[in-house]
Structures are given as C-alpha cells and as structure tokens.
Ligand SMILES: Cc1cc2nc3c(=O)[nH]c(=O)nc-3n(C[C@H](O)[C@H](O)[C@H](O)COP(=O)(O)OP(=O)(O)OC[C@H]3O[C@@H](n4cnc5c(N)ncnc54)[C@H](O)[C@@H]3O)c2cc1C
C-alpha cells in the first residue's frame, strides 16, 4: 500500500534518463526502419513514439497501405520495390498476413523492433521539449508518457526527427517551410496556383462489415446532414471502405499542425454523414446488413512542415532523373498533388503525373542545414512542395530513413556530424554499407573488398540458356498491347518465334523498342516495326529484326492490341523475365498513355505494366541464339535485382541438383554468409486492405544447404520466404570452397540467386 502525507510543494513526475547513440523521434515507418537499421549495426537507439503502436499512417490507427516506387504496379518502374528493412517487413507481412489485416501489420512492426536488443522502445511517449548545447546543436530531449506518468530525458550526440510534423526540428529551431512554393522559386512548372493548392489535407476512413442481419444506423448529432455539400458525394457506395476513400480529405488551407483537432472533427462529420447517406438515403439497399466496424480516430496527415537540408529536391530532379553523387535512396511514386479544398473541391481528388523511371534522392536532403546533429526522415525531408508530392509515400520514407540509420552509424564510428559525411570517402562507405544490407541505389554496385566472394571463382551445376519459354495450354486474346521484356546484351536481336491464333485474316503490328534512358522501362525509342499478316488458324510468326542494341539492356518485343488474335503463353516464370501490358490503372492515374497539359514540365509516354499473378504469364517464345544472361558470376555483380540485366544466376530447368560453388584455391576464414533471393521487386506488397493470392513469392528459394570443402553441412534452410538470409556461423570456419545447393522453387520456376556475400566477421 502507498500512502503519502499532504505535500506543501508541487510534486514532479517520475523521471528516467536514457543516453543513446541515436534518438529517433516518431515511430512511423520511417522512424522504425531508421531505428532498426542503426541498431543492427550496433548503435544504441531510443525510439520515441507518442502512440500505442508503431507504423504511423501504416498502423491500424490510420490504415494506409504502404506504397513506394512500384506505385500499385501501375507505372513504368520495373523491379522498384524498396529493399532492406522495409522489404523485410513487407515480405514478412505478406507471409503472415496476405489478407492485409492492419492489426497483424502492427504486430509485425512491434516484433521487428523488440527483436533488436539495441533499441529502447518508448511507446505512448511524446517528445515535448528540446535542449541545446549551442545554437546549432541539440543536446537532449524531454518526452512524456501519460500511461506511466513518467518523464524521460533522452541524451545523445545524434537525433533523427521522423515525427511527421517535425516536432523535434521545430523545437530545436531547424529551418523549415510549410505550404506551396511559387513556380518561380525553383522553376517548377507543376507548382500549383494559390487557387488550386497550398497544403495537402488530412483524411479519415471507415471500415464496414456485413453482420448477416439488418443493422440500423442512428447518426451522431455532429454528422454532416447534407451530403450534397461534398461535390463527389455520388462516389460513396456500400462496397468501398478503408484507404480506397483517400479522397475524404480536408484541411489543406489550414495550419495542418495546430488545427489538426478541428480538421479531425470536420472529417468525422463527413465520415458519419457519408455513412448516414449510405445507410439511410434508400439509395443503397445492399447496405442493409452493414455495420460500421471502425472509424479512424487519428487523422492521417499528409503534409505539414518540410525541413531545409543542404539540398532541396525539386520537380526537375524527379522528372529529369538527375544524378547525384551522394544518392542514398530513390523514389518513384508519381508527383501527386491534391486540391487544397480537398473533399469540398469541384476538382478531381488528386493530380498525379508519373516520371519515366525512378529518381535519385541525395543524402543532403536527410539532415537539417542549421541543426548540425539532426537527421530528417519521413515526409519532412528537404524537398519542395511539388517534389514532396512524390517523396511523401511510406515506402520512399522508410527507404530514406534506412540511409539515415546507416549514416548515423558512420557518424558514430568516425565521430562526425551528418553534413561531415560529405567529405572524403564517407558517402561511398555509406552507399556500400547500404547496398550490402539490401538498399538498391540506381547506378551503383556493391564492391567492398571485405566480401570474400569478390576473389572467389564461381561455377555452377548449370546456367539457364534461355532459348524457349515452352507453350502451355494457354491462349489469350490481345485485348491490350503486350510486350515481352527480353534482357539482351550488345549485338543483334535474336531470331524470335511466337505463335498466334485467329479466326480470320488480320494484321499484327509488332515492334522492337528500348528506353532512351538506360535503366528505364519506358519503351520510348522504337528501333524497328513489322506488320505481319495473320491467317485463319494457328500462325507461326518468325521474327527477324535487322536492328541491334549497342548496350546491354531490356528490349521490348511489342505486339499491338488486336482482340481478333490470340497469343500462346507459357506457364514458366523466370527471374528477370516478364511481360508488360499497355494497360490502364486508374487508381494511380494511369490511363494507358500519359498526356499532361502543355508547360507543366511533365513527359508524355505510354504505360507498360505487369499483371498481378496468377496472370502475367510470359509469351511462349523461342529465341536463337539463346539468352545467356543468367551466368553464375552474376552473384558477384553487386546488384541484387534486375536492372539492365537480370543480375541473377539462374539454373537450368532440368538441373536436378542446382548448385553454386565458390572456390578460392586457399583456405578462407568465414563467419558470416549473406544470400539474396528473388522476392519479385515488382510486387508492391500493399500492406493492408488489399489481399494477395500468395504468401510466398514463387521465385523465392525455399530450401538450401551450404557445405564446406570437406562436404560438411554448415547451414541449412527449409522454409525460406525472405529476400535476404544472413547466416552467422556458430564459429569461424576455414575452407577453400563453399557449395550452395538450392532447390528449384517449383516445376515452373527455376532456382535463382541474386547475390552471395561472405565475410570473415
Ligand atoms: C490519407 C492519406 C493517404 C495516403 N496514401 C498513401 C498511400 O497509399 N501509401 C503510402 O505509402 N503513403 C500514403 N500517404 C502518405 C504517407 O502516409 C505519409 O507521407 C507518411 O506516413 C509519412 O511518414 P512519416 O514516418 O514521416 O510520418 P507518420 O507516418 O505520420 O509517422 C510519424 C509518427 O511520429 C509520431 N509522432 C508525432 N509526434 C510525435 C511526438 N511529439 N513524439 C513522438 N512521436 C511523435 C506519430 O504518432 C507517428 O506515429 C498518404 C497519406 C495520407 C494522409
């Protein structure tokens, strides 16, 4: 029992002080991925999150699906899902939660953080004060947890603000901007007029559920009475819920930090008014058995402060795909701006324009220009309002935050401040360490000499020579133009043979195209066209092209839409081999062709996107000579996803024991082995609401065994589904060879490996 006599002076809260190498304010996806990355490299991290769970807008409190450069598979960014920790989280979520239950996603984030002994996680704890040791240096922060009535003092040399509103940047005096820049300020032609936009607003959603029996709904007194005040009220229906209702948006003309509670009330009025309309207007008899299962209590915030770093990313960086020597991350979501009047605007809910490929984000966007020990992560990074329209999505936020986590590691090791990494070889070191842990950085390859595989001779039991994707009992009409992506090396286009069927004579338009910008997947350069006469019945189409390619790259064999003709497809799927379709995906403003208004600084081009499995078959096609792009030496290319080539070793279909052998000719000391497998970087893996038909990616190696030069089994995995497998051997082994035996994932998919790394420690 506790008793206290009356006190004459005021009491203080219980107080705890923590010292750490890095303090991360905000446990959204950015803060979470930053903290995990740093902790795995040995930093002591305190992660302070003012809510009961992690994930910010991706958590069950808000329920937005995580997206990034893959853009729901609706743009031309092939194999662009973000790698590293965010990839591990999304792959895990797909395995445990293919149904997209937001509560399960919460548990995955919590699991990933509590697994890290270097992270002290403070939930329900809000950062409320900052202390500085000099005008440009943060010394400590104060945070308060209302659940345990405890005040924390958190002391560190390095801080990261990942709080969405930039609470730490604000308190510490970091320079920031809020609202839209004019066209003139950065020469951004897509900068909105004052009439269109200022800030993007907040949103709240609801989930509905069929109870199997009629349910009445009596609206709360505050529900919006007249739903017709919302110009798009006719879009409400009884089927859609969750983040499909992203357009219930409000607050873009208010102070999106300090007016948040008012904005939330307005959104509640709209949500309950919309539900009242669905239940009680009589227009939706199908809603009779529906009940409101959940209504958001915390609004999803899109935009507030953007902090100023040593570089401000702009529209031109995105659209022109400008290269930066200090690139640590990339983006690929469209530039996606919304009318500031949100749901009360007569305009469409968003104005999205895509780039032709992914764009680079430099390290200089990820720290404050005037608070020398403050990193920035998440939506607050140093970008213009227009560029923010793209960088704000959570896959991109998390990806940049991983770079921040790793930068903090180097700062700690070398006793440097964030901006000092720009000197000497530190950025190269940062990029290499990110590549090692799964971050793809456009144009860079992992080549650290500590990786023993660097000096190994690599042989394989077989290497796929792709001469034939055999026909299955699968014919599909060409309702949309289709292209087979073929990774070709310099030289002539191989002879290609495909088969088609038609009931009547018709013409088929076929072309060979490439991307003007190497590494893109926008076929904007037509090399050669053919018009082929198709006769009734089965046609064998032999394609001999005169043209050649002068650098290794993916080539598009394009067959234009002709619904009278059916093409023969294959059931075989191979790492880095893909069909894409000139298809529409309205959810990301892909209408087949992007034709922006004049003078907004955006390109016109066609969309060519893959189909989700179980669709997305390859064409049945023969190639002569065979494609030889699946060599075993690819495992030391330093690139662990398809780019201009598949960058993978792929075994022959008929190889019964696919095996890679790494030989050094002298003993090597090995403690750690890292294997990188194909979990289909084209798959967006939307984290909530949208279900997925598979919980393991069909290209992924499930079972493997690793042997030393004495044929001792040193590691084994029987149920892998992850992209990266890191094996820390119980003791350092000495061996001249490593033999990695893998099983084909299935009869239809040959075994493949992107990368193997070995280290002495
Ligand atoms: C309606 C809507 C639709 C969107 N659609 C998508 C989409 O489909 N896919 C997508 O990927 N992105 C989408 N976005 C964008 C994306 O959700 C945000 O840009 C992103 O969540 C920002 O990430 P963050 O980590 O910076 O912030 P947040 O996700 O907001 O995380 C910040 C965290 O910091 C915490 N925090 C705040 N203040 C403090 C404090 N004082 N102390 C401690 N912790 C604090 C917050 O509670 C929060 O958990 C959408 C956004 C909105 C609002």
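The values are calculated or read from the model by the stated rules, or taken from the named source; none is laboratory data. The structure presented is a predicted model; accordingly, all values stated were derived computationally and were not measured. A quick note on method: Cβ atoms are made from the backbone with ideal geometry, for glycine too, and the neighbour counts reach across all protein chains shown.
Could you grab me the full set of residues in the stretch 520-531 that are surrounded by 17 or more Cβ atoms within 10 Å (Cβ to Cβ) and part of a strand (DSSP E or B)? Residue satisfying the conditions is 527 alone. Give me a count of the residues in the stretch 162-178 that are in a loop (DSSP other than H, G, I, E, B) and either within 19 Å of residue 408 (Cα to Cα) or within 12 Å of the ligand (Cβ to nearest atom) (or both). So the answer is 6.
Residue-by-condition table, conditions (1) part of a loop (DSSP other than H, G, I, E, B); (2) crowded, with 19+ Cβ neighbours inside 10 Å:
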{"residue": "160", "(1), (2)": "no, yes"}
{"residue": "190", "(1), (2)": "yes, yes"}
{"residue": "193", "(1), (2)": "yes, no"}
{"residue": "200", "(1), (2)": "yes, yes"}
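Scanning the stretch 412-425 for residues that are surrounded by 19 or more Cβ atoms within 10 Å (Cβ to Cβ) and under 17 Å from residue 362 (Cβ atoms), we see that the one that is nearest to the ligand (Cβ to nearest atom) is 418. Scanning the stretch 346-360 turns up one or more residues that are touching a strand residue (DSSP E or B) at 6+ places or on another chain (Cβ under 9 Å), within 11 Å of the ligand (Cβ to nearest atom), touching a residue at least 60 places away in the same chain (Cβ under 8 Å) and more than 22 Å from residue 172 (Cα to Cα). Considering the stretch 247-280, and only residues there that are modelled with pLDDT under 95 and part of a loop (DSSP other than H, G, I, E, B), the residue that is farthest from the chain's Cα centre (by Cα) turns out to be 248.
Out of all the residues in the stretch 17-60, which are under 23 Å from residue 146 (Cβ atoms) and away from the ligand (no atom under 16 Å from the Cβ)? The answer is 17, and nothing else. Can you confirm whether residue 375 is within 16 Å of the ligand (Cβ to nearest atom), under 22 Å from residue 306 (Cα atoms), assigned to a strand (DSSP E or B) and at pLDDT 95 or above? Against the criterion (within 16 Å of the ligand (Cβ to nearest atom), under 22 Å from residue 306 (Cα atoms), assigned to a strand (DSSP E or B) and at pLDDT 95 or above), residue 375 qualifies. Each residue in the stretch 100-154 was checked for being surrounded by fewer than 16 Cβ atoms within 10 Å (Cβ to Cβ), in a strand (DSSP E or B) and within 32 Å of the chain's Cα centre (by Cα), and 1 pass.
Scan the stretch 319-333 for residues that are buried (at least 24 other Cβ atoms within 10 Å of the Cβ) and assigned to a loop (DSSP other than H, G, I, E, B) and report the count. Result for the stretch 319-333: 2.
Counting only strands (runs of 3 or more DSSP E) that fall entirely inside the stretch 625-725 and contain at least 1 residues that are buried (at least 22 other Cβ atoms within 10 Å of the Cβ), the qualifying elements are 659-676, 704-707.
Going by the conditions given, is residue 296 under 30 Å from the mean Cα position of the chain (by Cα), within 16 Å of the ligand (Cβ to nearest atom) and at positive phi?
Taking the combined requirement at face value, the residue does not satisfy it.
Candidates 517, 499: the one that is in contact with a strand residue (DSSP E or B) (Cβ under 9 Å, 6 or more places away or on another chain) and either surrounded by 14 or more Cβ atoms within 10 Å (Cβ to Cβ) or touching a residue at least 60 places away in the same chain (Cβ under 8 Å) (or both) is 499.
Starting from residues that are part of a helix (DSSP H, G or I) and within 12 Å of the ligand (Cβ to nearest atom), keep the ones in the stretch 61-85 and report whichever is nearest to the chain's Cα centre (by Cα). Step by step, filter the stretch 61-85, then rank; the result is 71.
When the stretch 75-94 is filtered for residues that are touching a helix residue (DSSP H, G or I) at 6+ places or on another chain (Cβ under 7 Å) and buried (at least 23 other Cβ atoms within 10 Å of the Cβ), the ones remaining, listed by number, are 75, 77, 81, 82, 84, 85, 86, 89, 93. Among the residues of the stretch 532-568, those identified as part of a strand (DSSP E or B) and closer than 21 Å to residue 584 by Cα are 556, 557, 558, 559, 562, 563, 564, 565, 566, 567. Against the condition surrounded by fewer than 17 Cβ atoms within 10 Å (Cβ to Cβ) and at negative phi, how does residue 240 come out, does it pass? Spelling it out, residue 240 is indeed surrounded by fewer than 17 Cβ atoms within 10 Å (Cβ to Cβ) and at negative phi.
Given the criteria in contact with a helix residue (DSSP H, G or I) (Cβ under 6 Å, 6 or more places away or on another chain), part of a loop (DSSP other than H, G, I, E, B) and away from the ligand (no atom under 16 Å from the Cβ), does residue 181 qualify?
Values: in contact with a helix residue (DSSP H, G or I) (Cβ under 6 Å, 6 or more places away or on another chain): yes; part of a loop (DSSP other than H, G, I, E, B): yes; away from the ligand (no atom under 16 Å from the Cβ): yes.
Yes.
The set of residues from the stretch 277-297 being surrounded by fewer than 15 Cβ atoms within 10 Å (Cβ to Cβ) and over 17 Å from residue 222 (Cα atoms) comprises 281, 282, 283, 285, 286, 288, 289, 293.
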